[in-house]
Amino acid sequence: MNQAKATLTYARISSRKVKIVIDLIRNKPLNEALAILSHTPKAASGMMEKLLNSAAANAENNFSLNRELLYVKEVYANAGPTLKRMQPRAKGMAYPILKRMSHVTVVVAERE
């Protein structure tokens, strides 16, 4: 079965926030998934829309797949490295700030 994938690495958003959005598009046809992402008011939806378009372009150009038959076969987000920063607080203390990153992968394939 022919399939194509695209990855987004070191995205400056936590994987927990991305997973909310990717659960909406899993196993959906490409056009429906893009429509869902364009109308979802979440920070990750713009990134995921670009990534899905990239995976579709990879499928068309590298594997000669038909764009009309594509669907989101697999999509997952894993945690990336964390940037550790400190926030000064009262009495000389400091609180940690964890700026999380994620690695997102989208796999598209043709429907049978």
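All of the numbers you see were taken from the coordinates with simple rules; none came from a lab. From a predicted model like this one, the values you see are computed outputs, not experimental measurements. Here the Cβ positions follow ideal geometry from the backbone for every residue, glycine too, while neighbour counts run over all protein chains shown.
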Worksheet item: Based on the Cα atoms of region 3-110, what semi-axes does the equivalent ellipsoid have, where each is the square root of 5 times one gyration tensor eigenvalue, given in whole Å with the largest first?
Response: 34, 13, 9
Worksheet item: In whole Hz, what ³J(HN,Hα) sequence does region 104-112 give by Karplus (6.51, -1.76, 1.60; θ = phi - 60°), x for Gly and Pro?
Response: 10, 10, 10, 10, 10, 9, 7, 6, 7
Fill in: Label point 7 Å beyond Cα of residue 1 along Cβ direction - residues of region 79-112 with amide nitrogen under 19 Å
105-112
Item to complete: Hand me the trypsin sites (Lys or Arg not before Pro) from region 64-108 located in a DSSP loop with no more than 14 other Cβ atoms within 10 Å, in residue order please.
Response: 89
Practice prompt. Report, by chain and number, residues whose modeled amide H sits under 5 Å from the one on residue 13, excluding near sequence neighbours (fewer than 5 apart, same chain).
Written response: 102
Worksheet entry | Helix 15-25 axis, angle to the chain major axis (alpha carbon atoms, nearest 10°) | 20
Practice prompt. Only Cα pairs under 8 Å and at least 6 apart count here; give the relative contact order of the chain as a rounded whole percent.
Written response: 42
Worksheet, complete the sentence: With only helices counted (DSSP H, runs n ≥ 4, each -39500 (n - 2.57)), the per-residue ellipticity at 222 nm for the chain, to the nearest 500, works out to -11500 deg cm²/dmol
Worksheet entry | Karplus-derived 3J(HN,Hα), 6.51/-1.76/1.60, for each residue of region 36-41, Hz, glycine and proline x | 4, 5, 5, 10, 9, x
Discussion item. Under a Cβ-only charge scheme (Lys and Arg +1, Asp and Glu -1), can you give me the dipole magnitude of region 1-79 about the Cα centre, in debye to the nearest 20?
Written reply: 360
Worksheet, complete the sentence: XL table 28/84; 19/91; 5/42; 5/99; Cα-Cα > 31 Å flagged, in table order, is 28/84; 19/91
